Amino acid sequence: MSVRPHLLYTAWGFPPSRAGGVYRALATVNAFAARDWDVTVLTTPRELFLLSTGGDEALERRIDPRVRIERLPVATPAFSSDIAAWTRLRARHPELWVAADWRHDLMRFPERAYGRWRPTLEEAAHRVHRERPVDLALGTANPHVDFIPGWTLSRAAGVPYVMDYRDAWRLDVFSGRTIHSDRSRVGRWERRLQDAAEEIWFVNEPIARWHEERNHRAAGRMQVVANGYDEYEIPLQVPVRPERSSGLRFGYIGTVSENVPMRELVAGWRRARERSEVLRASEFVVHGYLGHFGGSGSASDALAEAERHGVVFAGPVSKATIGGVYAGLDVLVLALGSGRYVTSGKVYEYAATGIPIVSVHDPKNAATEVLRDSPAWDATVSLSAEEVATALIAGATRSLAQTPADRADAQAWGSRFERERQLGARIDALRARVGRQARS
């Protein structure tokens, strides 16, 4: 193309959001900008996250300065934590009030808490297109209302659009259960959106195959664009820690949600300390938020109970400086919710460090396929305390034996998951396609 193509990108969760999907969104817009696209982002106000779920302002500084950001207003009660601003009815009967308020979402789009954003997104998409014609629209979900700007511009002006799923809309990736039928409003909307999309992206093969089986018309346009790792201020390729002989430092980095098998992990850790002198001299450090929305539950209760067993909850860490945290660890624990559709973006970052990894999750998880050929990986065969302990002890043995050369080999293996390698081919293919359409 003789001029820079224009991408309209829509993401509810964008820096300074701390949600897991924000890293994919940030990397995607930066990758397009680096390939000489003009990029406009439609997203939410910064305060939506800073005043509710919390944010990572250091991450915001990683946005390519060439990216133009439009923060669109949205009145979403689910993110309103200022009780003084609530009505008397909401304060006295919050559950009833929220249930009644959902009609403002569902009458516009079948997605609770987010559907009401649709009119604002449609107006913004048309305005941006008038100001500077859009060549490609890309929305990342969830929420799935993020797909609306592309669909709207496709209908009005023939603009091609891409749907980027980070999980799934109608599939519970943990249980494998279909949560919305083909005939439901969600099912009809999803088919409508997919049938008109230029491409549809999924983060792993199992999720892609599930969708191909349910929409054969769109199957040929479905692509696997895996997550990957991103380099920030401190390199992820950290050296072997020399002090490990006096006690190992196991680490988990990520949100401690209810899907994380923290109770099973703690039980296995305690059993491993009973069986291994090395583990008795070691500690287990957990970095992350307690729940996606700051709540606590059985996972955080398990952490509190485990403090006397060498488990330390160190709280969240900024993504921009996460390399420094990895540099202080000897074994990484990949604890994930069960489900063959579950990968987690964390697996790629773990692999990039070259540090030995111990998987504590269902062996059928998609993450198993990612790590199967890793030179620095051990995995539990079940979530029983005994089997988890066996995997942790194996990880300790591997860590103590790992040489700098071994670490370098593991890092070289993990480098295949660098985010640019996942995104680059698709962006180049889309640019060629957009160029042909512009010339036709």
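What follows is calculated from the coordinates using simple rules that are stated; it is not laboratory data. Everything numeric here is computed off the predicted structure, so don't read it as measured data. Neighbour counts are summed over all protein chains in view; Cβ atoms, including those assigned to glycine, are modelled from backbone coordinates with ideal geometry.
Placing +1 on each Lys and Arg Cβ and -1 on each Asp and Glu Cβ, with no other charges, gives region 348-436 a dipole about its Cα centre of roughly 660 debye. A cut-off of 5 Å between modelled amide H atoms, ignoring neighbours fewer than 5 places along the same chain, links A137 with L8, Y161, V162. Of all DSSP-defined beta bridges confined to the chain, some 5% are antiparallel rather than parallel. Put simply, the amide H of E418, placed in the peptide plane, has neighbours under 5 Å in Y229, leaving out anything fewer than 5 places away on its chain.
Selection among A113, T152, G176 by position relative to the dipole of region 90-188 gives A113 as farthest towards the positive end (Cβ unit charges, Cα centre).
Derived scalar couplings between HN and Hα for region 12-17 equal 4, x, 9, x, x, 3 Hz in order, rounded to whole Hz, by the Karplus curve 6.51 cos²θ - 1.76 cosθ + 1.60 (θ = phi - 60°), x for Gly and Pro. Each residue of region 212-226 was assigned a 3J(HN,Hα) from its phi angle through the Karplus curve 6.51 cos²θ - 1.76 cosθ + 1.60 (θ = phi - 60°); the sequence is 4, 5, 9, 8, 5, 5, 9, 4, x, 9, 8, 10, 9, 10, 5 Hz, with glycine and proline shown as x. Seen from every direction in turn and averaged, the convex hull around the alpha carbons of region 242-417 projects onto 9.2 nm². Over all Cα atoms in the chain, the spread is summed up by Rg and Dmax: 22.6, 71 Å.
Under 5 Å between amide hydrogens, built in the peptide plane, is the criterion, and for V312 it picks out F284, V285, V286 among residues at least 5 positions away or on other chains. Highest GNM mean-square fluctuation among E198, E123, E283, for the chain modelled with Cα contacts below 10 Å: E123.
Is there a quick way to get the dipole size of the chain? I mean about its Cα centre, with the Cβ of Lys and Arg at +1 and of Asp and Glu at -1; what is the value in debye to the nearest 20? Its charge dipole is roughly 1220 debye.
Assuming R0 = 30 Å, what is the FRET efficiency of R416 and E307, from their Cβ-Cβ distance, to the nearest 0.05? The calculated FRET efficiency here is 0.20.
Among T87, T140, T403, which one moves the most in a GNM of the chain with springs linking Cα atoms closer than 10 Å? Evaluated over the chain, the most mobile residue of the options is T87.
Of A281, A335, A25, the residue with the greatest mean-square motion in the GNM of the chain, using alpha carbon springs below 10 Å, is A281. Loop sites by DSSP among the trypsin sites (Lys or Arg not before Pro) of the chain, restricted to those with at most 13 other Cβ atoms within 10 angstrom, leave 218-371 as the longest stretch without any of them.
Remark: region 167-181, residue by residue, has Karplus-estimated 3J(HN,Hα) of 9, 7, 9, 9, 10, 7, 5, 7, 8, x, 8, 7, 9, 9, 6 Hz, where x stands for each Gly or Pro and the curve is 6.51 cos²θ - 1.76 cosθ + 1.60 at θ = phi - 60°.
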